[in-house]
Structure formats: C-alpha cells, structure tokens
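Step one of this worksheet: look at the structure below.
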Amino acid sequence: MALRSARARKKSEDPGRGAPAPGPAAKKRGKAVPDGAVPRPTAGRWLLRGKDGRLSAYAQVDDAAVWWTETVAGGPYFTGPQRLPAGGTAISMTTAQSAEGYAHLVALRRRPAPDDGDPLIDLVHAIQYQSGRPLRTWQSIPSPYRTRAKSAKMGVPAVLLDGHGGLHVYLQNAEGRLSFRRQTPKGRFNDWERASVEGTPIKAEAYAVLGDDGVIDVLGPAAGRVLHWRLRGHEGEAERVSELELDAAVAPGTLSSERTSPSHRTYFWRDAGSAGVRAWRPGSDPADLGGPGSGPVSVLRTPVDGVDCTILAGRGQDGRPALAAYPTEDEEAGLTWVPSGEPCRGAPALALDGAGRVTLAAIGADGSLRIARQKAETGLALEAWTRPAG
C-alpha cells in the first residue's frame, strides 16, 4: 500500500488554476492580526460530511465559531467562513455530529461579570441542522457550580450525541473528577451527575464516544494511567470498568478513536514524554506508532486498494500535517508518517468526501482552510493542497 502526497506547488494555489484567492491573511494593512482572531480548529471531529454529502469545516476564534461549507458534494470549492458570535470569549469549542447529520457545537465561555468580580463561566450549545445553513443561537448549559472560582477550573468538554439525538457533555470538574450532563429524548437536560472516582484525579479533559450498541465509553487521562467508565442506556450510571497503567502520561487533549471491528474500538493519544502516537484497545497493551508531534490525531477507517486500513493525520514536529496508514488492527505491520503541505494551526482533519475520496483538511498559519484530496490512482496519494475558499 503506497502512501505519498503530492509536492506542494505554488501554482496549485494560484487563483488562475481554478482555486479562489487565498483566505484572510495573517496581516492586514501592515498590522499583525491578534492570534485570537485567526481561526483554529475546534476540538473533536471538525471536518464533517452532512446528509447531502457536502463537507463542512468548523473552527473558532476567541469570540465566535466559524465554518466553511462545500458548494457541491465532492468540491472543489467552499463558501465561508460564516460566523456565529460566542457572546463572550470562547475558552474552548468542541464539535460533534448526530446520526441525523446535525452538527453540534459546545463552547466553554467566559464573560465579564456585571459586578467586576471573577468572570462568568458557562457552557453554551448551538446546532446546525443542514450543511451551509446558519448555526442556531447559542443556548446556555449552566455550570455544575454556583461559585465562579470553581467554574473556572472546569476542563474542556467532551461531547457526543446518543441514539435519540440527545446531547451528552462530559468534563473534568473542579475537583479533578468526572462530571456529566445528559439531555433526555424530549430535549430537557437532567441534572449534573458525577462518576465515582477513587484515587488519582483526571487531568485537563475527558473523552467520550458512543458505541454501535448504544453503550457510552468515557476515558479520563490521569497521572500515569487512563481511567475507563462505561454507561449503558440513557439513564445508566457511570461504571468504572478498567484502569490502564502507563509508563508516561497522556498528553492533554490528544485522545481520539475509531471503531476498528464489530467488537473493538481503538483509542489513540500522544505520549506526554515522547510526543509519539499510541494506539490501544481495551484488554491489550498500547502500541507505539511513532510520529512525534502535537495535538490529537484524526482517524479514518476506509479501504485502500481493497485493504481495510486505518488512516491517521496529525500535526508533526515541524508544524506540518503528517499522514500515515496501516492495515486496521495490525499495528505491528508498521507505518510511515509522511509530512505534507505547510505548517498548520492545531490538528488536521480527515473525512471521506461526497465522491468517497479521502480528504485531508488543515487550517493554515494565516487562518485559511486548506484541502488535499485523494488521487484517482492506486495507493493513498493526495493531490496538491488548495485553498478552496475566498
């Protein structure tokens, strides 16, 4: 299975060769744009394919959500970025998608207090029901705490949609434990709940994923270990099912996963010591996949030349997107990380476009959306990167 990417060519980004003019530059009228005004990817899967087959890419700036949308399924062009103000400073923003194809964004938001005291911290939620349509107005999900000081200690939220389209939010609370809140099938939120945790508190953020059988698995990185909970059914309690001891901590914010067989899900993270990627299935030891860099890896399982493959994309040590692939669940086969394109902000993202092609997306240092699609040939070769939106 060949894995390679086209060499970046200056002419591939020339508007005269079919791509619109580059996106917003990092400098305007000779003055540097503040870093918080340059888009960066949201957490979670930020490149989503809607029910109509069009891809949408989601990012954030400090005071808003922004997104781009393909004009037609399969590209090559995108409109945007469109924008939804956050009504404050978005400390973090996470994207998830429901089975109906709706995009959900949850932001941890900070606003000035009317009494000049500690800032107000809350969670807000917005839904996009159709590709290219506006995001609905943010709806507040109140903090589990009444005190502002404790609210300020909450971690980045993990978000998923259950089989009824109900929103679930999981986060590290002020005590380093796992708090979560679930939306009922009627759209109302239950009260905040806490998972019973003994010993080591979790750090930075949790990771939650919905299985095909409706069971929810939640991972919580801790010092030298990963805690694992399972929730069965909408009203199920958070059961502690395992604890994985590690020789190094999980780098904060780097957990991701993919269903790799009918009975297995493989989890990925970066080792806090080596910055390399690890792959783990419950009941086995983590496998070292190399590829040192930063941030989470995006994961896509799809056939390549008739072979069931797991494709990974991450941000390499040089800041550029890096791509790797291997036969699914055969980590011992080895893999090679291939850098591609220019340095990017945050982690790159993977998805299949409306034509079934592997599509790699990144947000450039200037905040513009970059896209590279699979070539129509054997192996996993990518076309040259383009900036498909003005």
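The values are calculated or read from the model by the stated rules, or taken from the named source; none is laboratory data. What you see is a predicted model, and the numbers here were worked out from it, not measured in a lab. Methodologically, a virtual Cβ is constructed for each residue, glycine included, from the backbone with ideal geometry; neighbour enumeration extends over all protein chains shown. Keep in mind that these areas ignore ligands, DNA and RNA; they rest on the heavy atoms of the full protein, side chains included. Shrake-Rupley method; radii C 1.70, N 1.55, O 1.52, S 1.80 Å.
Once you have a ≥ b ≥ c as the square roots of the Cα gyration tensor eigenvalues for segment 58-154, tell me rounded if a/c is under 1.5, and otherwise prolate or oblate according to whether a/b is larger than b/c. Prolate, since a/c reaches 1.5 and a/b exceeds b/c.
Rolled with a 1.4 Å probe across the full set of protein chains, the surface gives Asp115 an accessible area near 100 Å².
Work out, in µm²/s and without decimals, the Stokes-Einstein translational diffusion coefficient of the chain at 37 °C, 0.692 mPa s, Rh from Kirkwood over C-alpha pairs. So the translational diffusion coefficient is about 153 µm²/s. By the Stokes-Einstein formula, at 1.567 mPa s and 4 °C, segment 290-365 with its Kirkwood radius over alpha-carbon pairs has D equal to 102 µm²/s.
Taking each DSSP H run with n ≥ 4 as -39500 (n - 2.57) and averaging over every residue of the chain yields 0 deg cm²/dmol at 222 nm. Extension gain, His164 to Ala287, is 40.8 nm, computed as 0.36 nm per intervening residue step minus the present C-alpha separation. Note on Glu245: accessible area is roughly 140 Å² with a 1.4 Å probe, heavy atoms of protein only. Here the accessible area of the chain is 48 percent carbon and sulfur, with a 1.4 angstrom probe and all protein chains present.
Rounded to a whole number of µm²/s, how large is the Stokes-Einstein D of segment 129-248 at 4 °C and 1.567 mPa s, given Rh as the Kirkwood radius over C-alpha pairs? Rounded to a whole number, D works out at 85 µm²/s. Pairs of Cα atoms nearer than 8 Å and 6+ residues apart set the relative contact order; for segment 39-143 it is 21 percent. The three principal axes of the C-alpha atoms in segment 147-210 carry coordinate ranges of 33, 25, 19 Å, sorted with the longest axis first.
Take the convex hull of the alpha carbons in segment 51-94; its mean projected area over all directions comes to 3.3 nm².
You can think of it this way: the chain between Ser261 and Ala223 has 10.7 nm of extra reach, that is 0.36 nm per residue less the Cα-Cα gap. Cross-link check: pairs Lys153/Lys186; Lys51/Lys186; Lys51/Lys203 evaluated at a Cα-Cα cut-off of 27 Å; pairs beyond the cut-off: Lys153/Lys186; Lys51/Lys203. I want to verify a result. In a Gaussian network model of the chain, Cα cutoff 10 Å, which of these has the top mean-square fluctuation: Tyr77, Tyr145, Tyr326? Ranking Tyr77, Tyr145, Tyr326 by mean-square fluctuation puts Tyr145 first.
Please give the residues of segment 268-294, grouped as numeric ranges, whose backbone N is less than 16 Å from a label point set 7 Å along the Cα-to-Cβ vector of Ala248. Those under the cut-off are 268-280, 286-294.
Sorted largest first by accessible area at a 1.4 angstrom probe radius, with every protein chain in place, the residues Leu255, Leu55 fall in the order Leu255, Leu55. When the chain is treated as a GNM with alpha-carbon contacts under 10 Å, the residue of Arg146, Arg278, Arg370 showing the greatest mean-square fluctuation is Arg146.
Residues considered: Arg111, Arg320, Arg373. Largest GNM mean-square fluctuation over the chain, using C-alpha springs under 10 Å, is found at Arg111.
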